[in-house]
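Undergrad: Input: one structure, supplied below.
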Amino acid sequence: MNPAENPFLSPSDLPYGLPPFQRIREEHYVPAFEQGMAEHLAEVAAIADNPERPTFENTIEALERAGALLDRVSAVFFNRASSDTTPGIQKIQQDVTPRLAKHADAVHLNAKLFARIRAVEAGGEEERWLLDRYLTDFTRAGALLDAADQERLRGLNERLSELATTFQQNLLADTNDRAVVVDEAAELDGLTEDAVRGLAETARERGLDGKHVITLVLPTGQPSLASLTDRSLRERVHTASIGRGAANAELIREMALLRRERARLLGYADHAEYVLADQTAGTTGAVTEMLAKLVPPAVANARREQAELEELAGHAVRPWDWAFYAEKAREARYDIDGARLRPYFELNAVLEKGVFYAATRLYGITFTERKDLAGYHPDVRVFEVFDSGGAPLGLFLGDFHARASKRGGAWMNSLVRQSALEGARPVVVNNLNIVKGEPTLMTFDEVNTMFHEFGHALHALFSDVRFPRFSGTAVPRDFVEYPSQVNEMWATHPEILANYAKHYETGEPMPQELVDRLLESQKFNQGFATVEYLAATLLDWAWHTEYSGEDPAAFETKALADVGVDLPAVPPRYRSTYFSHIWAGGYSAGYYSYIWSEVLDADTVEWFNENGGLLRENGDRFRRELLSKGGSVDPMAAFRAFRGRDPEITPLLARRGLL
Ligand SMILES: [Zn+2]
């Protein structure tokens, strides 16, 4: 292959190693993946066969440097596959993911290499920690198994990665297919004119001129349910939502069984135990115990909320009614409704005068839009980030808008990982799913999500580690949500909110009484929110601790009933067949992570509040002790260094009204 023809073959010459998106075409991916895997295997073989005595430098550090081409193409491809896919990309994904699983096995199951790693002696603290991670990675990947078991493991990994891709693609197709078509505009009563126009536009794009189409977002609860007055349309939207992924039922049965088989092959009782061994939680017992503590008070809160809503509604509240009456109750109690708030949350203002401004206040960093640098889609905006002294820090790409080619939800991706070893500075992307408008006005939830995802971005941008393996967000999954959740606190901080929440037409700041009610209303409906989250968490947990081949739908029903989170009016945030976090998103036996991280988050928010809040010295401390460390130290040690003690759960219980 000629490097002039395939832009992946040489390092990017753009600032910060930004991928040359304008030159990348679909036909470049497969050859780059193939050459990337071949080069990586050759590098690994050279390390394994090195006749010299194994040292940290010629083994671990050499492994850290290996696989540059494969890293380049993977980072670009998987971001693209999530945020702007095409039938061609999907086909490549289908083809390439099992081959990548096979490739990872070829590295981890290389006996000579493993023997060499075991013979290495590490000097400094970070080096010892890295060596320890390598030994753990290899052991968990099956390096200690005999040849026959390793062969079986390779087969399991390959099949599991195929199934994960199929799951995701089935779900994307089904989510698009199940969009609800509305014939009569009158049925849309309750939505704003803007929203109705958006639905008409979606219908036009689908060749359904004159109709309206309500597309589905990833979680069970659909945003339109809070506003639609037509109860039967609400039921249709809800039914479409919970019916998603029917084609995935057989697939998740197979995945759960294969994961269990793999865990047992590796010496663990089940998939959850296998996952937990490498998390800060440590044992499945620790997680079960924590969830058991949260369920009864959360369910009691949700039941109390339901009784209030039923009094307001004058009838039993079904799942498709909850958001609608909750919104009514919120309006009655706080005299606040979404339509009154949105004009104060214009996207650019939220981003630059909210999210960026908070980071400037806390960390002294500044942002300059680089219109000369292209993203992978016309909607992507590229910002250069400068450190407090003006030194270049990295690039931040914002891809905020929803489109049919983007999966649901919000997430952060690294396009280039920071590492001193390779002299690489970070390039990160935040993806959200905000419907574009003229201008784009956001809900407060979306504002909060923007702060959240930027918290992940900061974790990557502030990364100051030597080895790529430790870069930024490369921490255990039950720790990774912690910094992003902390960053949400600034969305409602009085000085930050006052800086960004201004009416998009008049420039007037949000009136103080509206601010007060917005803040007060944040505590509203917490029973529902906690229960729908816990129900999804406990489903994930059941699939990976108890499942043994039962009918998937029956298993789901029983799993929820067994732990007492089967409130008919509060369905799980995700049902099994569209729970992509656990089947295709790397959160298997890990959805508990959000609340596990929230313990650290709430405890940290308390620390900021006790120490004067929005101050440079506070931001600097959080950056120095926590954000900059990435995975280069034991995460709980970093937490203790920051907080000055072990985490306490009380702030979380107080926040969620569970005391
Ligand atoms: Zn997150």
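Undergrad: Only one of VAL447, VAL428 is within 16 Å of the ligand (Cβ to nearest atom), part of a strand (DSSP E or B) and over 13 Å from the mean Cα position of the chain (by Cα). Can you tell me which?
TA: Answer to the check: VAL428.
Undergrad: I need the full set of residues from region 426-450 which are crowded, with 24+ Cβ neighbours inside 10 Å and either in contact with a Leu (Cβ under 6 Å, 6 or more places away or on another chain) or more than 16 Å from SER414 (Cβ to Cβ) (or both), in order please.
TA: Result: PRO426, VAL427, VAL429, MET442, VAL447, MET450.
Undergrad: Related question: Among the residues of region 403-420, count how many are more than 15 Å from the chain's Cα centre (by Cα) and within 23 Å of PRO20 (Cα to Cα).
TA: Summing the residues that are more than 15 Å from the chain's Cα centre (by Cα) and within 23 Å of PRO20 (Cα to Cα) in region 403-420 gives 8.
Undergrad: If a residue has to be surrounded by fewer than 19 Cβ atoms within 10 Å (Cβ to Cβ) and not in a strand (DSSP E or B) to count, how many in region 494-510 make the cut?
TA: Looking only at that region, the number is 10.
Undergrad: To continue, here is another question. Looking only at region 450-474, which residues are within 14 Å of the ligand (Cβ to nearest atom) and not aliphatic (A, V, I, L, M)?
TA: PHE451, HIS452, GLU453, PHE454, GLY455, HIS456, HIS459, GLY472, THR473
Undergrad: Sticking with this one: Would you confirm whether or not region 475-492 contains a residue that is more than 16 Å from the ligand (Cβ to nearest atom) and without any contact (Cβ under 8 Å) to a residue 24 or more places away in the chain?
TA: no
Undergrad: Shifting gears a bit: Output the number of residues of region 231-265 satisfying the condition of being surrounded by fewer than 19 Cβ atoms within 10 Å (Cβ to Cβ) and assigned to a loop (DSSP other than H, G, I, E, B).
TA: 1
Undergrad: Okay, next question. Take GLY409 and decide whether it is crowded, with 24+ Cβ neighbours inside 10 Å, within 16 Å of the ligand (Cβ to nearest atom) and farther than 30 Å from ALA66 by Cβ.
TA: Spelling it out, it is not the case that GLY409 is crowded, with 24+ Cβ neighbours inside 10 Å, within 16 Å of the ligand (Cβ to nearest atom) and farther than 30 Å from ALA66 by Cβ.
Undergrad: OK, next. Can you pull out every residue in region 582-640 that is of a type in the set (D, E, K, R), more than 19 Å from THR537 (Cα to Cα) and in contact (Cβ under 8 Å) with a residue 60 or more places away in the chain?
TA: If the condition is that a residue be of a type in the set (D, E, K, R), more than 19 Å from THR537 (Cα to Cα) and in contact (Cβ under 8 Å) with a residue 60 or more places away in the chain, then ARG616, ASP620, ARG623, LYS629, ASP634 are the ones that fit.
Undergrad: GLU648 versus (1) without any contact (Cβ under 8 Å) to a residue 40 or more places away in the chain; (2) part of a loop (DSSP other than H, G, I, E, B); (3) of a type in the set (D, E, K, R): which is the lone unmet condition?
TA: With (1) without any contact (Cβ under 8 Å) to a residue 40 or more places away in the chain; (2) part of a loop (DSSP other than H, G, I, E, B); (3) of a type in the set (D, E, K, R) applied to GLU648, the lone miss is (1).
Undergrad: When you look at PHE555, is it surrounded by fewer than 22 Cβ atoms within 10 Å (Cβ to Cβ), part of a helix (DSSP H, G or I) and among the aromatic types (Phe, Trp, Tyr), yes or no?
TA: Yes, satisfied.
Undergrad: If you don't mind, another one. Quick check on this structure: which one of ALA42, ALA4, ALA38 is surrounded by fewer than 15 Cβ atoms within 10 Å (Cβ to Cβ) and modelled with pLDDT under 95?
TA: Going through ALA42, ALA4, ALA38 in turn, just one is surrounded by fewer than 15 Cβ atoms within 10 Å (Cβ to Cβ) and modelled with pLDDT under 95: ALA4.
Undergrad: Something else about it: Since GLU57 meets every condition but one in (1) surrounded by fewer than 20 Cβ atoms within 10 Å (Cβ to Cβ); (2) in contact with a helix residue (DSSP H, G or I) (Cβ under 9 Å, 6 or more places away or on another chain); (3) of a type in the set (D, E, K, R), which condition does it not meet?
TA: With (1) surrounded by fewer than 20 Cβ atoms within 10 Å (Cβ to Cβ); (2) in contact with a helix residue (DSSP H, G or I) (Cβ under 9 Å, 6 or more places away or on another chain); (3) of a type in the set (D, E, K, R) applied to GLU57, the lone miss is (2).
Undergrad: For region 572-594, which positions are touching a helix residue (DSSP H, G or I) at 6+ places or on another chain (Cβ under 7 Å), within 13 Å of the ligand (Cβ to nearest atom) and part of a helix (DSSP H, G or I)?
TA: Matches in region 572-594: SER593, TYR594.
The values are calculated or read from the model by the stated rules, or taken from the named source; none is laboratory data. Quick caveat, the model's predicted, so the values are computed rather than measured. Here the Cβ is made from the backbone with ideal geometry for all residues, glycine too, and neighbour counts use every protein chain on show.
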